[in-house]
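The values are calculated or read from the model by the stated rules, or taken from the named source; none is laboratory data. Please read these numbers as outputs of a predicted model, since none were measured by experiment. Positions of Cβ are generated from backbone atoms using ideal geometry, with glycine treated the same way; all protein chains shown enter the neighbour counts. Please note that ligands, DNA and RNA were not included when accessible areas were found on the heavy atoms of the full protein model with its side chains. Shrake-Rupley method; radii C 1.70, N 1.55, O 1.52, S 1.80 Å.
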Amino acid sequence: YCNQFTNTVSTTVNALPTIGITGNSTICTGANTTLTANGATSYSWNTGANTSTVTVSPTTPTSYTVTGTDANGCVNTQSVTVNVNLLPTISITGNNSICNGSSTLLTANGGVTYTWNTSSTNNPINVSPTSNTSYTVTGIDANGCSNTANINVTVNNLPNVTISGTTTICSGQSTTLTANGATGYMWNTGFPSAALSVNPTTATSYTVTGTDANGCSNSASVSVHVNPLPVVTAAPAAPVLCMGQSVSLTA
């Protein structure tokens, strides 16, 4: 006769850990982001890291997977894709060569908002440097990505325009005034040449505007004075004398 015995075994089924990943999943080219795993006690990333956090800087959209193990030895995984937005192409348009005393309008392109190294957030900006100056703008696009552009503004000196020639004449005479210091000239008489011949009857001012090879202009003026002719008389005015006589004429 055999006795029959019964034994009961209780089996516990542990749930898998719920693994989560926090961190910025969208970055700009050149930036990095820190991904933090949670929900387990130890972690292993597909990057080879064995910590809960990894800092990554992909150049193209990349998937990152973490395997988490809890205190019961149960394992689960979680993945996240980090997307990479391209930087905006920022450019500056405007005149990069001006004359001293002038201004130029600089316009940034390629972004949504802009900040200049002048601290201005306007676009465009009007600048009037007195010496060669570099301007930099940082543009931010709709994705929050930023890039910079630079422009060098050259400031050209004004030409030193002068006028040579005789500035005092006698009534009825003429004089030639010659402009110097530029490459092109325009007189206030409308004459477009360096040399101007004038014969004023009264004191007259003449102004010339000279323009150099950079397109910069300056002007000079000169007054031509007119001296009246002397009134010459002779006495006696109509002398009458006989043959053989003489007369004394006084001027």
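List of remarks:
- For the stretch 96-138, the residues whose backbone nitrogen is under 15 Å from a point 7 Å from the Cα of residue 157, taken along Cα to Cβ, are 99-101, 130-132.
- Expected-Rg normalisation [2.2 N^0.38 Å, Cα atoms] applied to the chain: 2.56
- Carbon + sulfur, % of accessible area of the chain - ligands and nucleic acids excluded, 1.4 Å: 49
- For the stretch 133-234, relative contact order (Cα pairs under 8 Å, six or more residues apart, normalised by length) works out to 26 percent.
- Relative contact order, percent, the chain [alpha-carbon distance under 8 Å, six or more residues apart]: 11
- Antiparallel DSSP beta bridges within the chain, as percent of all bridges there, nearest 5: 85
- With protein chains left intact and a 1.4 Å probe, residues in the chain average 61 Å² of accessible area per residue.
- Those residues of the stretch 64-98 whose amide nitrogen sits under 13 Å from the label point placed on residue 29, 7 Å along Cα→Cβ: 84-90
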